[in-house]
Amino acid sequence: MALMVVLTVANAFAGESMNFETWWGGKYATGNWFGVRDTLSEHGLTITGEAKEVYFGQISGGLPNQPRSNWLNQESLKFVYDFQPLFGIKGLTIESNWRYRGGGNPQWAAGTPSNFNPSTLNSGMGVRIMTQQIEYSTPNKSVVINAGWENPYEQFLQQPLSKFFENNAITSSKGIGGTPGPGIAVVNNASSFNAAGVPTKGSVAYYKTSPVPWSSSYTAWGGTLKIKPTKEIYIQSGLYMAISGTGGVAPTQYSATSVYPYTSVPQSYLGQFKKSGQVVAVVGGDGRIISGASQNVGWVPGATNNHGLYFAGSPGFNPNTGRIGVKPGTPVNVKYVNAAGKSVSAPAFFAASPYNQGSGGNYNQNGLYNVNEIGWTPKFGKDKLEGKYAIGAYIWGQKNTSYSPSQFTASAFPATYKVITGGTKAKPTYTVYPGNYTTPSYTSYAAAKPAAYHENQVVWGLYLQADQMLYRAKEHHDAPAPGDGKSAVQPTKLTDKGLYMFSEFTFTPPENNQLPFYFQVGLVYKGLIPTRDNDSIGVAFSAGFYSSVYNSWIKSQNQQIENAYGSAHNAKVPNGPTVQQPVNPGTGTSGSVPASSLNKAGTAYGAPVSTQALYQNYYAYQPLFTSTEVIEAFYNVQVNKWAAVKPYFQCIINPAGNGTVANDWVLGVSAKVAF
C-alpha cells in the first residue's frame with residue numbers, strides 16, 4: 001500500500017512534461033518536484049529520502065504468545081548542504097538525518113537476543129534524530145574531518161554488501177555489543193527482610209549497564225578524522241561521548257529460562273510480557289501448580305525510548321537503595337498444599353520487590369567512546385577486483401563488573417525464624433524453625449546469588465574485515481560490420497557485475513561479555529541472470545560463540561541456594577540443589593529426618609525438617625550457552641533506479657544460545673523506494 005501511494009504521488013510530481021518514461025527511468029520516485037529538486041541542488045542543498053517496508057513470517061520455532069507475522073516500516077530523510085555553490089568553500093558540508101520506524105517486533109516471536117534479531121529495524125522506534133554534523137574534506141579526499149552529533153556506526157566497519165540482508169547480526173551489530181557483564185551491584189545497607197520476614201542487612205540489586213551501541217540508532221557528541229596517506233591506505237579515528245541508556249528499554253518477556261522448569265512461574269507465561277507487580281501462580285518442583293499459592297514477579301522496567309535526544313548525556317544515577325530487597329507487606333501468610341502434598345503456611349509472595357529500585361534499573365553513566373580503524377583498499381589484476389581489508393578497535397567507556405571472579409555477600413542471620421501454622425488471625429500460632437545450622441555467616445535472601453565484585457572501567461574489542469570482489473563479468477562488443485569505418489576490434493568493457501565476498505570477525509574479552517567471538521561471511525552476485533544486470537542474489541552465514549567464563553558464572557549461580565553454598569544446610573545435595581527462586585520457609589514437610597540429611601557425625605541437623613526436607617521445591621539448573629548461527633539468502637529485484645523488491649529467508653539455529661528455543665525459520669519480503 002505504501003509503495004502504491006508513493007508511486008501515485010510520484011507520478012503527479014513527475015514533472016514538468018508528465019513523461020512516464022522519464023519519470024520511470026529517473027533516480028527518484030518523486031521525480032524532480034517540478035524542477036525544484038535541481039534548483040535546490042544548484043544552490044547547494046540536496047534532499048534525499050528512502051522508504052522501506054519489510055514483512056517477517058515466522059513459520060516455525062521461536063516462542064508462543066506472540067504474533068508470528070510482523071510488518072515493519074522505515075522512512076528516512078537526509079539533507080546535505082554544500083557551501084561551494086553560494087560561498088565558494090569547496091569541501092565544506094553540513095548534514096542532517098532524520099528517521100521514523102514503526103511496526104511489530106519479530107524478535108519477540110523468534111526468542112533471540114537483540115544481536116540475532118531477525119530484523120535490524122527494531123532499534124530506535126518512532127521518530128528519531130540521527131546524525132547532525134559538519135564536515136570538511138580536502139579536494140583529493142586525503143583528509144576528512146567531521147564533528148557534531150555523530151554515530152561511529154555510520155563511519156567505521158562499513159560493509160555495504162551486508163545491507164542486503166535483514167538479520168540484525170549480519171547487517172548491523174556484527175557481533176559487537178552483547179551483554180557486558182552482570183551489571184553494577186548496589187548494596188542497601190539499611191535493614192531489609194529475608195523470605196521469612198526477618199530483618200537482615202546487605203541486600204543487593206544489580207543495575208544494568210549499556211552494551212556497546214553498534215547500531216544506526218546511537219548518536220552522541222564527537223568527531224572523526226580520516227587520513228589517506230596513499231591512494232589505497234586510510235587511517236581513521238573517532239572520539240565521542242559514551243552515553244548509557246540511549247537505546248531505551250524494550251518490554252521484558254518471559255523467556256524459556258524464566259518459567260518452569262527453571263523457575264516457579266507457570267510455563268503458560270512463556271513469550272508473554274512481564275508486568276510490574278504481576279501476581280502469578282506457583283509451580284512446585286514437580287511441575288504441578290500449588291493450589292492457593294501466588295507470587296509477585298516484582299518490579300519490571302517499563303518500555304522507554306528517548307528518540308535520540310540525550311543531548312545533555314545520561315541522566316544522573318539515583319538508586320532508591322531503601323527499596324532494594326524490601327519484602328512487600330501484603331499479602332500475609334496463607335495456607336496451601338506444597339509439592340509433597342502437605343498443607344503448610346508460608347508467604348504467598350516470594351518476597352520479590354515490586355518497587356522501582358531507582359533509575360529504571362539502569363546504571364546511568366557517561367564516559368568516552370573511541371573507535372579506530374586502519375584499512376587497505378586495493379584493486380587486483382587487470383580486472384581491477386576491488387577489495388577492502390581493515391582492522392579496527394573500540395573502547396566503550398562504561399563501568400561494569402566481570403562475570404568472574406565472584407564472591408558471596410554475607411550478612412548476619414538470626415538463630416531462628418517463625419511462620420504461622422495455625423490459630424486465628426487475631427491470635428496466630430507459630431512454629432519456630434532454626435535459621436542456620438552453622439555459624440553465623442549467611443547469604444541474605446536478597447543477595448542469594450554470587451555477587452560479581454571484579455570491576456572494570458571500559459568494554460573494549462577488536463574487529464577484522466575482509467571484503468573482496470572475486471570475479472568481474474565483462475561486457476563484450478560484437479565486431480563492427482565491414483566498411484563501417486570503425487575499428488574491427490573494440491576493447492572489453494569492465495562492469496560492476498560479478499561475484500563479491502564479504503567477511504568479518506570480532507573479539508571482546510570473555511570475562512566481560514556473553515558473546516566474545518563472532519564471525520560472518522557472505523557471497524553476493526550482481527547480474528547473474530541475463531538481462532537482469534542490476535539484480536543481486538546472495539547468501540550469508542554468521543555465528544556467535546558464548547563465553548566459557550559466563551558459563552562458569554552461571555554454574556556458580558546454579559549452585560547457590562538459600563543458605564550459603566558449602567554450609568551444612570547445603571552439603572546434603574552434591575553441588576547444591578537447583579533453586580532459581582528461593583523457596584518460602586515452611587514449604588517443606590514435617591516428620592523424621594531422612595538419612596541423606598544426617599551430618600558427618602550421623603546425627604540429625606534438627607526437626608522439624610521444613611526447608612531442609614527432601615521435598616523442598618527445587619527447580620532445574622539454568623542451562624549453559626554454546627552458540628547461535630544464522631543463515632540468510634535473498635534475491636533482490638531492482639525494478640528501476642529507485643525501487644527494489646526482495647524476497648528472502650532466514651534460518652536461526654539455537655536462537656536463545658542455550659538450547660531452550662527451537663530453530664527459527666523466517667520467510668519474508670521487503671520493498672524499498674528512494675524518493
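Here, each number is a calculation from the coordinates, and none is a lab measurement. As the structure is a prediction and not an experimental result, all values here were calculated from the model. Cβ sites come from the backbone with ideal geometry, for glycine too, and all protein chains shown count toward neighbours.
For Ile89, the amide hydrogen comes within under 5 Å of the amide hydrogens of Gln84, counting only partners 5 or more places away or on other chains and with H modelled in the peptide plane. With label points built 7 Å along Cα→Cβ from the Cα atoms of Asn356 and Leu225, find their separation and express it in nm. Spacing of the two 7 Å Cα→Cβ label points: 4.3 nm. Once the C-beta distance of Ile653 and Gln132 is scaled by a Förster radius of 41 Å, the resulting FRET efficiency is 0.55 to the nearest 0.05. Taking other Cβ atoms within 10 Å as a rough exposure proxy, Trp214, Trp98 sort from fewest to most as Trp98, Trp214. For Lys388, a cut-off of 13 angstrom between C-alpha atoms picks up these aspartates and glutamates, skipping any fewer than 8 places away in its own chain: Glu232, Glu373, Asp467, Glu504. Each Lys or Arg adds one and each Asp or Glu takes one away; over the other residues whose Cβ falls under 14 Å from the Cβ of Glu95, this sums to -2.
The loop-placed trypsin sites (Lys or Arg not before Pro) in segment 352-404, going by DSSP, that have at most 15 neighbouring Cβ atoms within 10 Å of their Cβ come out as Lys382, Lys384.
Bridging of Lys78 to aspartates and glutamates at a Cα separation below 18 Å is possible for Asp38, Glu42, Glu50, Glu95, Glu135, Glu150, Glu154, once same-chain residues fewer than 8 apart are set aside. Bridgeable aspartates and glutamates around Lys208 (alpha carbons under 19 Å apart, same-chain partners fewer than 8 residues away excluded): Glu455, Glu511.
Rounded to the nearest whole Hz, the Karplus-based 3J(HN,Hα) values (6.51 cos²θ - 1.76 cosθ + 1.60, θ = phi - 60°) of segment 223-228 follow the sequence x, 9, 10, 10, 10, 10, with x at glycine and proline.
Between Thr22 and Thr495, the simple label model (points 7 Å from Cα in the Cβ direction) yields a spacing of 2.9 nm.
Taking θ as phi - 60° and the Karplus parameters 6.51, -1.76 and 1.60, the scalar couplings of segment 132-143 work out to 10, 9, 10, 9, 10, 9, 6, x, 9, 6, 6, 9 Hz in sequence order, x denoting glycine and proline. In this structure, the residue pairs whose Cα-Cα separation is over 29 Å, taken from Lys174/Lys493; Lys90/Lys174; Lys52/Lys226; Lys474/Lys646; Lys226/Lys384, are Lys174/Lys493; Lys90/Lys174; Lys52/Lys226.
Here Leu309 and Lys78 are evaluated by their C-beta separation; at R0 = 25 Å the FRET efficiency comes out at 0.85.
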